[in-house]
Structures are given as structure tokens and as C-alpha cells.
Amino acid sequence: MSALVNDSLTIVRRNLIKLKRVPDLLVFTTMQPIMFVLLFGFVFGSIAGGDGSGYREFMMAGIFAQTVVFGGTFTGFGMAEDMQKGVIDRFRTLPMHPGGVLIGRTLSDVVNNVISLIVMALTGLVIGWRIRDGLLGALVAFGLLLLFAYAISWIMAWVGLKVRTPEVVGNASFMVIFPLTFIANTFVPSENLPSVLRTFAGWNPVSTLTHAARDNFGNLGALGGGQSEEAVRAAAEYTWALENAEIYTLAWIVLILVVFVPVSVRAYQRAVAK
């Protein structure tokens, strides 16, 4: 266990040093969230009607969810890049724990997501978003977002070990993540979607993650036209998953980790054994 912890922390340090030595990565990590918040907030907000302030408050949880899910692709890209450049071959010659590289990679990408969330939150506050249920609710929301992103990172780690080039990771992940994050309640209420899409969105874990975050931020009534959150809940067509959004989201997090942690470690062992 001590070897696993030490090796994981060494890989975390290695990946964070890379951010320091390649500041371009940090610049784009921070600029992209700002662009998303401003574009979605003012472009989609103008379509929503009024001054758009209600929509901007509504969509922040969706922006958070979309960004951290896409942030998980950094793990797959990093693993594929290390495989392509021979870094993994160098690790193979060292007495390292097989899980250390993967745990270190996924933990360092949590740091990227923390930076993105901080930048987005500050940008959201500037354009009118507010946390209305107190600090504890906000911490629960951000904690769920980071846990879900961490679980997605393990899926992407497995993908990165299976493909031949980093570019394939981006293409493959985009085809799956894009519909998952848009056929959801991220940017529009799920009850406004066509019936088939509404059913999918109602059980989509990205929807429940967004709903749980929106609830803990106190933003459920942002598009309610002055209605209370209780009135909005009563009018919405919630599935069991949305009614129990935190439990359902945590169940998905546990399921993904239970499946993809051992699968990814096994794929890494096979990769270094070649």
C-alpha cells in the first residue's frame, strides 16, 4: 500500500510539473471555461427571453457538468500520449506499482477540473449567477461534480490504453460525451424535450449530476418565472432518478469505479508486458 501511495504521488507530481513547464496547457484550461460560460450565458440567454439572468443562473450547473465530463478526456489523451512517446516503456523498467501510474494520472486531472470549476464559478458570479443555498450545499455540489469527473477519468484511462494515438481519444470520446451532455437537462429543462429524448434525459447520469448540483446551489427555480423551487418541482416531470439525483449519481460513480479501475489496471499491465 505504501508503494502504491508513493508511486501515485510521484506521478501526480510529474503531471503537475508538466503544467508548470508547459503553461499553454494551463492557459487553455482556464480560457475555455470562461468562453463557455460567456457564450452559453449570453447567446442562449438571449433566446430564453427577458434579460437572460434567469437562464444564466439555470445553465451554470449544466456548464459545470459538461466541462468536468469533457475534462475526463485529459486522462485518456495523456495515457495515449505517454504510450505513443514511450514513457510507459520507461515506467516498465522501474519497480512501480501497476496502479500507481493510473491513480496518479487520474488524480492529477482532478486538479485540472478544480481549476476549471474555480474559473467558471468566478466567471458565473460576474455575469449574475449566485449560490442561494449556502456554502455547505455548494461544497456538496462541487464534490459530486469532481467525483463524477474522477470516475469518467478511469473510463478515459482505459480508452487511452486501448487506442493507438491521442487524436483517436478525442474523436472517440466526443462521439459519446457530446450527446450525453446535450440530451440532458444541462441547458434546457428535460421536460421540454421530445418524449423519447425526455425519457433518455430523465435517466441520464449527466442529467442527475446537473440536477443535484443545481438543487444544492439553490438554482432550481431560476427558470420558474418567479415560482418557488417547490412549485417548479411539482410542475416538472421527474423520473425516479431525478427525484433521487444524488443517490443515483453516486451509484453511477461507484459502478464506474468498480468496473473500470480493475479493467484499466489490467489493460495497463498488458500494455507494459508487450
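The values are calculated or read from the model by the stated rules, or taken from the named source; none is laboratory data. All of these numbers come straight from a predicted model, not from anything done at the bench. Because the Cβ atoms are built from the backbone with ideal geometry, glycine has one as well, and the counts that use them run over all protein chains shown. Just the protein is used for accessible areas: all its heavy atoms, side chains included, with ligands, DNA and RNA removed. Shrake-Rupley method; radii C 1.70, N 1.55, O 1.52, S 1.80 Å.
Listed residues 144, 135; which is more than 23 Å from residue 28 (Cβ to Cβ) and either crowded, with 16+ Cβ neighbours inside 10 Å or touching a Gly at 6+ places or on another chain (Cβ under 7 Å) (or both)? Explain how you work it out, then say what you get.
On the way: 135 fails: either crowded, with 16+ Cβ neighbours inside 10 Å or touching a Gly at 6+ places or on another chain (Cβ under 7 Å) (or both).
One residue alone meets the criteria, 144.
Out of the residues in the stretch 7-55 meeting the condition of being closer than 19 Å to residue 122 by Cβ and polar (S, T, N, Q), tell me which one is modelled with the lowest pLDDT.
Applying the filter and picking the extreme gives 29.
Are any of the residues in the stretch 69-78 assigned to a helix (DSSP H, G or I) and either at positive phi or without any contact (Cβ under 8 Å) to a residue 60 or more places away in the chain (or both)?
So in the stretch 69-78, the residues assigned to a helix (DSSP H, G or I) come out as 69-71, 73-78.
Remaining after also requiring either at positive phi or without any contact (Cβ under 8 Å) to a residue 60 or more places away in the chain (or both): none.
The answer is no; no qualifying residue exists.
Of all residues in the stretch 69-80, count the ones that are modelled with pLDDT under 90 and open to solvent by less than 20 Å² (accessible area, probe 1.4 Å).
Of the stretch 69-80, the ones modelled with pLDDT under 90 are 70-80.
So of that shortlist, the ones also open to solvent by less than 20 Å² (accessible area, probe 1.4 Å) come out as 71-72, 75-76, 78-80.
Qualifying residue count for the region: 7.
Go through the stretch 192-221 and give me each residue that's in a helix (DSSP H, G or I) and among the polar types (S, T, N, Q). Working first, answer last.
Kept after step one, since they are in a helix (DSSP H, G or I), are these residues of the stretch 192-221: 192, 195-203, 205-217, 220-221.
Passing the criteria: 192, 195, 199, 207, 208, 210, 216.
For the stretch 39-68, enumerate the residues that are in a helix (DSSP H, G or I) and open to solvent by 70 Å² or more (accessible area, probe 1.4 Å).
We begin by selecting, within the stretch 39-68, every residue in a helix (DSSP H, G or I); these are 39-48, 53-68.
Listed by number, the residues that qualify are 39, 42, 43, 44, 46, 47.
Among the residues of the stretch 81-106, how many are surrounded by fewer than 22 Cβ atoms within 10 Å (Cβ to Cβ) and over 14 Å from residue 18 (Cα atoms)?
The total comes to 16.
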